[in-house]
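Colleague: A single structure is presented below for examination.
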Amino acid sequence: MSGILVAIDGPAASGKSTTARSVAVRLGYCHLNSGLLYRSIAWCSLRDGWIDAPGRFGPELERLDLTLERRDREFLVLVNGEAAGRGLLTAPETARRASRVAAMPEVRNRVLHVLRVTGEEGGVTCDGRDIGTVVFPAAELKIFLVASAHERARRRILEQGGDPAGPAFYEEVRSLEERDLRDANRSLAPMIPAADAIQIDTTELSPDEVVDRIVALALERGAEPVDECPDFA
Ligand code: C5P
């Protein structure tokens, strides 16, 4: 066995991807960030002008070459062989559009396929909204991270070097809540904890405390730290 599968779901800015990355490093696993796939599709379709073109969206998506390339313990998303810069993928407009395209069945099917092909061997931490429910329902460990919208907005603004007491704070709370609502209420793969997920409220916890808890749970569920990532070639 090359390792267990750790699914980490939760709302926007709940610390999923930072946590999933740190857990992967501690276990010697790789980190698969599913949100980057939705963001990359949103970025490319915005740039090339077919995001709002219903007649073009399906055929353009079908033509899109969507692949993951392993870089150390992460995966780079390549769209037609090209990776978007981090700034473009994390831009507020990309995030907003990503949560819209993520409600489309054809987009979810594409992403589902790429995630399963890459992660099914295990030895992976995968974060998103539907990882424990839809993508890897047999994952050995499922975590659902939560934190209040105010705390998530505060962390996000600090991360961007902003002032959490400034006017941007309420705009960030509003934007996170809007995205959560859309992700939780869509009919396809909504953001809900899997029945067997362990919920961790991170509002009062430090990032290290969250990682320690998840690593301890992963070791209980059969993870054995290894030196190198399994080979996904
Ligand atoms: O996790 P991140 O904020 O990067 O995800 C961007 C958007 O992609 C989310 O708002 C959500 O709509 C969508 N997403 C999803 N399912 C996932 C991961 C992300 O619907 N597994």
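Colleague: Search segment 105-130 for residues being of a type in the set (G, A, S) and either at negative phi or outside any loop (DSSP other than H, G, I, E, B) (or both), and hand back the single one that is farthest from the ligand (Cβ to nearest atom).
Modeller: Taking the candidates together, the pick is G119.
Colleague: Exactly one of (1) out of contact with any strand residue (DSSP E or B) (no Cβ under 9 Å at 6 or more places or on another chain); (2) part of a helix (DSSP H, G or I) is unmet by V25. Its number?
Modeller: It is condition (1) that V25 fails.
Colleague: While we're here: From the list I192, I131, I200, I143, pick out the single residue that is under 17 Å from the mean Cα position of the chain (by Cα) and open to solvent by 50 Å² or more (accessible area, probe 1.4 Å).
Modeller: Criteria check complete, one pass: I192.
Colleague: Okay, moving on. Could you list all residues from segment 120-142 that are more than 22 Å from D180 (Cβ to Cβ) and in contact with a Lys or Arg (Cβ under 6 Å, 6 or more places away or on another chain)?
Modeller: Matches in segment 120-142: E140, L141.
Colleague: Open to solvent by 60 Å² or more (accessible area, probe 1.4 Å) and either on the phi > 0 side of the Ramachandran plot or hydrophobic (A, V, I, L, M, F, W, C) (or both) - does that describe any residue in segment 57-78?
Modeller: Of all residues in segment 57-78, those open to solvent by 60 Å² or more (accessible area, probe 1.4 Å) come to 59, 62-63, 65, 69-72.
Among the residues that remain, those that are also either on the phi > 0 side of the Ramachandran plot or hydrophobic (A, V, I, L, M, F, W, C) (or both) are: 72.
Within segment 57-78, one or more residues are open to solvent by 60 Å² or more (accessible area, probe 1.4 Å) and either on the phi > 0 side of the Ramachandran plot or hydrophobic (A, V, I, L, M, F, W, C) (or both).
Colleague: Does R97 count as part of a helix (DSSP H, G or I), open to solvent by 10 Å² or more (accessible area, probe 1.4 Å) and within 16 Å of the ligand (Cβ to nearest atom)?
Modeller: Considered against the rule, which asks whether it is part of a helix (DSSP H, G or I), open to solvent by 10 Å² or more (accessible area, probe 1.4 Å) and within 16 Å of the ligand (Cβ to nearest atom), R97 comes out as yes.
Colleague: Follow-up. Looking at (1) within 14 Å of the ligand (Cβ to nearest atom); (2) assigned to a helix (DSSP H, G or I); (3) open to solvent by less than 40 Å² (accessible area, probe 1.4 Å), which is the only condition F169 fails?
Modeller: The number of the failed condition is (1).
Colleague: With the structure loaded, tell me whether R70 is more than 14 Å from the ligand (Cβ to nearest atom) and over 17 Å from the mean Cα position of the chain (by Cα) or whether it fails that test.
Modeller: Here the answer is no, as R70 does not meet what is asked.
Colleague: Which of the residues that make up segment 26-52 are open to solvent by 10 Å² or more (accessible area, probe 1.4 Å) and more than 10 Å from the ligand (Cβ to nearest atom)?
Modeller: R26, W43, L46, R47, D48, G49, I51, D52
Colleague: Given the criterion more than 19 Å from G122 (Cα to Cα) and touching a Ser or Thr at 6+ places or on another chain (Cβ under 6 Å), identify the matching residue among A20, A42.
Modeller: Answer to the check: A42.
The values are calculated or read from the model by the stated rules, or taken from the named source; none is laboratory data. What you are looking at is a predicted structure, and each value in this text was computed from that prediction instead of being measured. Counting neighbours? That spans all protein chains shown, and the Cβs are built from the backbone with ideal geometry, glycine included. We work out accessible area using only protein heavy atoms, side chains counted, and drop any ligands, DNA or RNA first. Shrake-Rupley method; radii C 1.70, N 1.55, O 1.52, S 1.80 Å.
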